[in-house]
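The structure appears right after this line, and notes come after that.
The values are calculated or read from the model by the stated rules, or taken from the named source; none is laboratory data. Everything numeric here is computed off the predicted structure, so don't read it as measured data. Please note: Cβ atoms are built from the backbone with ideal geometry, for glycine as well, and neighbour counts cover all protein chains shown. In case anyone asks, the SASA skips ligands and DNA or RNA and just uses the protein heavy atoms, side chains included. Shrake-Rupley method; radii C 1.70, N 1.55, O 1.52, S 1.80 Å.
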Amino acid sequence: MAKVLIVDDASFMRISIKNMLTKNGYEVVGEAENGKIGVEKYKELSPDIVTMDITMPEMSGLDALKEIVKSDPAAKVVMVSAMGQEAMVRDAIMSGAKGFIVKPFKEEGIIAAIKKLG
């Protein structure tokens, strides 16, 4: 099963996503509380998939996405955000995101988005 890195500044969101993923057979290999740490952990852990919050301190999810894709064009990053704004979704997809999940989400939604990536 795929190895996943969870990047979100809210610890309850990381725990929630981790529980949903592990319950469905995914291996959570790491967590990060901001984009800067997310980029470092991506390079260190080489996960198969990343769930990336958009709004975070130090480095936004969009900036982190761009950094990750720059170092690994094949990266599979799914953006997770409470803001389902058209422009934000477009920016994320144009920057290399492979999917988008809007908070609040149900377990089926996040698992379906992750499954699409393999």
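The table below gives the values:
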read-out	value
Environment charge of K70, counting only residues whose C-beta is closer than 12 Å and scoring Lys/Arg +1, Asp/Glu -1	-1
Rounded to whole Hz, the Karplus (6.51, -1.76, 1.60) HN-Hα couplings of the stretch 15-31, x for glycine and proline	5, 4, 5, 4, 4, 4, 5, 5, 4, 9, x, 8, 9, 8, 8, x, 9
Straight-distance crosslink candidates among aspartates and glutamates, where the alpha carbon sits under 19 Å from K103 and sequence neighbours closer than 8 are dropped	D8, D9, E31, E33, D53, E86, D91
Mean ellipticity per residue at 222 nm, deg cm²/dmol - from DSSP H runs of n ≥ 4 across the chain, formula -39500 (n - 2.57)	-14000 deg cm²/dmol
Charge dipole magnitude, Cβ of K and R +1, D and E -1 - the stretch 70-118, Cα centre, debye nearest 20	100 debye
Probe 1.4 Å, accessible area per residue of the chain, Å²	50 Å²
Distant-in-sequence amide H partners of V80 (H built 1.01 Å from N, under 5 Å)	M52, D53, I54, I101
25 °C / 0.890 mPa s Stokes-Einstein diffusion coefficient of the chain, Kirkwood radius on C-alpha pairs, µm²/s	180 µm²/s
Interchain or long-range residues, amide H under 5 Å from V28's placed H	V4
Carbon + sulfur, % of accessible area of the chain - ligands and nucleic acids excluded, 1.4 Å	54 percent
Positive minus negative residues near E27 (Lys, Arg vs Asp, Glu; Cβ under 11 Å)	+1
Charge dipole of the chain about the Cα centre (unit charges at C-beta), most positive-ward option of V29, Y42, I114	I114
Among 44-54, 106-116, 88-98, the order from most to least packed when residues are scored by Cβ within 10 Å on average	44-54, 88-98, 106-116
